[in-house]
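Visitor: Submitted below is the structure of interest, expressed as structure tokens.
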Amino acid sequence: MKSQTQGFLSLCCLFLLLSCDDGPRTAPPACGNGILEAGETCDGADFGPQTCANYGLDAGTLACTAQCTIDLAGCHNEPICGDGVRDPDEACDDADFGDLTCASFGRDAGALACTAACTIDVSGCSDTAVCGNGLKEAGEACDLTDLGGLTCASLGFEEGTLLCAADCTVDTSTCSDGVAICGNDLRESGEVCDGTDLNGRSCISLGYDTGQLACDPGCTAFITSGCTRLEVCTNGIDDDGDTLVDCLDPSCAPDPSCQAGTCTEETVFHDSPPTCGPGLQCSIDENASPACLPDAMFAGGVFYGACGANAECPFGSICMGTSQLDEACLPFCQYETHPDCPGGGICLYSLVGSGLNLCALPDACDPVAGTGCPVPGEGCYLLDPLTGDSLCFTAGTVQTGDPCLGIPDCAPGNTCADPGSGFICVRLCDAATPCVSGTCQMISATLGFCG
């Protein structure tokens, strides 16, 4: 009995040992129970402390997949209005409207605009098409250059350029069936040119030096009568067709090969002795430089009068216009070295680009009263207080006592002078026109200024 009891107890102890464990066990993660557990990045709405920012995205909402992994589809960076990219929180951005058009807002025509705040502006939309806005809309066949993909070929023609008429209908006048239409300003097969379409040609490409090329009415040849060649000064040929050859042509005057003798600014005056060779006279060329020029340039015109038909003027003068004078033959002078002018003129104007001046005839007007000028709006101004020479200029507006830069700046009846404190407009006076204030300080036998 003792041995059986001991065996039974041993068996019971073995059974108890086999049925016992080492402690409590942990259940495996259950995806979908809404609890973030080990091995899961999310579960339902439980993302732990994670946000879109953990994944480098500024804004949005994380989502969790059925496999308990993170879904970033709802995350995005904060929209930047004005970068031209329409972000999820923007209605538009610059020209990016997504798929939206005026039609999306119930309007028939027009174009959407995007505001500075990236909201949509529908003020450019309308219920009817606007012809001339460059946008082909409902009811229009075309609009300016927007032909809706149409071409001459798509309309059954063989060649040409399709146009859009002012009423937004298609203009096929420049389309053709392969037969050229002369006069449509479109060079087509068989035509040398057509109106303004010169096929890229010009006077220069045809060997001329300058001018305007044209097309003959039959579209079969170029008209070169408007093209010219410049004179070559040493080839013995009348290159430009003006009957003057080489150095006899005024255009060759500056050419070194045509310079015979010497010419300086000291020898261009009306009373200067000849210094140039035969057939040439000393004067100023188109660059305001002294040069020996052909006699033909001096064959017309009169001092202080009209220039010749080809701007000719007598020796010692140049055809020149000013803001106050029409073109006339104005003699040369120089304030310091050669102030004398022919015919009672006065050395007045400066010749830009040189050290020379030009003469002008004084006007018979009253500088003290500022009157006597033949042209309305002009005033009489004193040029030489000793001689009383005066000239008419457009009336100035600077008043007595105010600063001035030149005589014509001042209102008529004044002159621009420096009484010791800088140039100001000073009132003139004489026996007939006394000073309103101050006394008349005489500067000649008949004229003075108020001071």
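Visitor: Consider F298 against the criteria (1) in the same structural domain as G355 (by TED's automatic domain parsing); (2) touching an Asp or Glu at 6+ places or on another chain (Cβ under 7 Å); (3) touching a residue at least 24 places away in the same chain (Cβ under 8 Å): it satisfies all of them except one. Which criterion is unmet?
Guide: It is condition (3) that F298 fails.
Visitor: Residues of region 304-329 being over 17 Å from S354 (Cβ atoms) and in contact with a Leu (Cβ under 8 Å, 6 or more places away or on another chain), which ones?
Guide: Y304, Q324
Visitor: Looking only at region 114-136, how many residues end up being in contact with a Gly (Cβ under 7 Å, 6 or more places away or on another chain) and crowded, with 16+ Cβ neighbours inside 10 Å?
Guide: Looking only at that region, the number is 5.
Visitor: Could you please let me know if C102 is under 26 Å from T115 (Cβ atoms) and either in contact (Cβ under 8 Å) with a residue 60 or more places away in the chain or surrounded by 12 or more Cβ atoms within 10 Å (Cβ to Cβ) (or both)? Spell out the reasoning first.
Guide: Values: under 26 Å from T115 (Cβ atoms): yes; either in contact (Cβ under 8 Å) with a residue 60 or more places away in the chain or surrounded by 12 or more Cβ atoms within 10 Å (Cβ to Cβ) (or both): yes.
In short, yes.
Visitor: Only residues that are free of Cβ contacts under 8 Å to residues at least 24 places away in the same chain and either under 16 Å from N184 (Cα atoms) or surrounded by 13 or more Cβ atoms within 10 Å (Cβ to Cβ) (or both): list them for region 196-205, please. Outline the logic, then answer.
Guide: Step one: filter region 196-205 for residues free of Cβ contacts under 8 Å to residues at least 24 places away in the same chain, giving 196-197, 199-202, 204-205.
Within region 196-205, T196, D197, N199, R201, S202 qualify.
Visitor: Let me ask another. It is to be established whether one or more residues within region 99-117 are closer than 23 Å to C52 by Cβ and part of a loop (DSSP other than H, G, I, E, B). Talk me through it step by step, then tell me what you get.
Guide: The first filter runs over region 99-117 and keeps only residues closer than 23 Å to C52 by Cβ, leaving none.
There is no residue in region 99-117 that is closer than 23 Å to C52 by Cβ and part of a loop (DSSP other than H, G, I, E, B).
Visitor: Determine which member of the set T145, T174 is surrounded by fewer than 12 Cβ atoms within 10 Å (Cβ to Cβ), touching a strand residue (DSSP E or B) at 6+ places or on another chain (Cβ under 9 Å), polar (S, T, N, Q) and free of Cβ contacts under 8 Å to residues at least 24 places away in the same chain. Full working, then the answer.
Guide: On the way: T174 fails: surrounded by fewer than 12 Cβ atoms within 10 Å (Cβ to Cβ).
The conditions single out T145.
Visitor: Quick test of your reading of the structure: G413 fulfils all but one of (1) more than 30 Å from V268 (Cα to Cα); (2) in contact (Cβ under 8 Å) with a residue 24 or more places away in the chain; (3) in contact with a Cys (Cβ under 8 Å, 6 or more places away or on another chain). Name the failing condition by number.
Guide: Tallying (1) more than 30 Å from V268 (Cα to Cα); (2) in contact (Cβ under 8 Å) with a residue 24 or more places away in the chain; (3) in contact with a Cys (Cβ under 8 Å, 6 or more places away or on another chain), G413 fails exactly one: (3).
Visitor: So is L150 under 28 Å from A109 (Cα atoms), within 31 Å of the chain's Cα centre (by Cα) and surrounded by 13 or more Cβ atoms within 10 Å (Cβ to Cβ) or not?
Guide: Working: under 28 Å from A109 (Cα atoms): yes; within 31 Å of the chain's Cα centre (by Cα): no; surrounded by 13 or more Cβ atoms within 10 Å (Cβ to Cβ): yes.
Criteria not met by L150.
Visitor: Among the residues of region 275-288, count how many are among the polar types (S, T, N, Q) and within 41 Å of the chain's Cα centre (by Cα). Walk me through how you get there before you give the answer.
Guide: Our first condition is that a residue be among the polar types (S, T, N, Q); within region 275-288, this holds for 275, 281, 283, 287.
Those still in the list that are within 41 Å of the chain's Cα centre (by Cα) too: 283, 287.
The number of residues fulfilling the criteria is 2.
Visitor: From the set of residues in region 289-345 that are among the acidic types (D, E) and over 26 Å from T394 (Cβ atoms), which is nearest to the chain's Cα centre (by Cα)?
Guide: Here the residue is E312.
The values are calculated or read from the model by the stated rules, or taken from the named source; none is laboratory data. A quick note: this is a predicted structure, and the numbers were derived from the prediction, not measured. Heads up, the Cβs are rebuilt from the backbone with ideal geometry, glycines too, and the neighbour counts pull from every protein chain shown.
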